[in-house]
């Protein structure tokens, strides 16, 4: 267990350093490509409820996704840390319903808690592999929250943070899909379903 923890902490340190090398102009392009790939997913289009993290500066941007989901008349819920071990999702109807909270992460100001049985969930992480394994930030909030819930779990990441293989613990929750700037990976068969480049070519 200690060896796994040490390996995860080393990889966290490496990825955090690597994030600093991503150019802002590249990030803006990649964010737009990921946005387009995600909103074309059948799982997103059919979802009534969206659970979505609120991005920080060096994460894949979710503000555009949140605004799009609200404009699509979906029920949008974002996370709020309750205590050292618990996180809950609350509904927002506008980006304006966010304020700075735990670790300077924007959190919802409302009190309408998510309690439905189904949702399309967009989950953050430092890096992932094609099997759907996720390296989080070390707090365990998302692993605990989704441990007993059968929602569609989707990660957003740039290709440069898609690792060959990530070592995880038994309690780490796996992703169902991973969205990159190149497409949507179905983690069950590790196949990229949608190619952004192909969509661009077809539209020209």
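So, in the stretch 133-152, of the ones that are part of a loop (DSSP other than H, G, I, E, B) and touching a residue at least 40 places away in the same chain (Cβ under 8 Å), which residue ends up surrounded by the fewest Cβ atoms within 10 Å (Cβ to Cβ)?
Top of the filtered list is 138.
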Report summary line: When every residue in the stretch 90-100 that is in a strand (DSSP E or B) and without any contact (Cβ under 8 Å) to a residue 40 or more places away in the chain is compared, the one nearest to residue 19 (Cα to Cα) is 100
**Report entry** Residues (farther than 22 Å from residue 127 by Cβ and crowded, with 19+ Cβ neighbours inside 10 Å) located in the stretch 39-57
**Finding:** 44, 47, 49, 50
Query raised in the report: What's the number of the condition residue 60 fails, among (1) under 28 Å from residue 170 (Cβ atoms); (2) in contact with a helix residue (DSSP H, G or I) (Cβ under 8 Å, 6 or more places away or on another chain); (3) exposed (fewer than 12 other Cβ atoms within 10 Å of the Cβ)?
Result: (3)
Query raised in the report: If you check residue 83 against the conditions, is it assigned to a loop (DSSP other than H, G, I, E, B), in contact with a helix residue (DSSP H, G or I) (Cβ under 6 Å, 6 or more places away or on another chain) and modelled with pLDDT under 95?
Result: no
Requested in this report: Just name the residue that is surrounded by the most Cβ atoms within 10 Å (Cβ to Cβ) out of those in the stretch 153-204 that are at pLDDT 65 or above and in a helix (DSSP H, G or I).
Outcome: 161
Query - Count - residues of the stretch 101-132 that are in a loop (DSSP other than H, G, I, E, B), out of contact with any helix residue (DSSP H, G or I) (no Cβ under 9 Å at 6 or more places or on another chain), free of Cβ contacts under 8 Å to residues at least 60 places away in the same chain and surrounded by fewer than 20 Cβ atoms within 10 Å (Cβ to Cβ) - result: 7
Requested in this report: Kindly provide the set of residues from the stretch 6-33 that are within 25 Å of residue 145 (Cα to Cα) and touching a residue at least 40 places away in the same chain (Cβ under 8 Å), ordered by number.
Outcome: 7, 8, 9, 11, 12, 15, 16
Query raised in the report: In this structure, does residue 4 turn out to be part of a helix (DSSP H, G or I) and touching a strand residue (DSSP E or B) at 6+ places or on another chain (Cβ under 9 Å)?
Result: no
Query - Those residues of the stretch 11-55 which are closer than 19 Å to residue 160 by Cα and either modelled with pLDDT under 95 or not in a helix (DSSP H, G or I) (or both), in sequence order - result: 20, 21, 22, 23, 55
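The values are calculated or read from the model by the stated rules, or taken from the named source; none is laboratory data. Keep in mind the model is a prediction, meaning the values are calculated, not measured. When we count neighbours, we look across all protein chains shown, and the Cβ atoms used for this are built from the backbone with ideal geometry, even at glycine.
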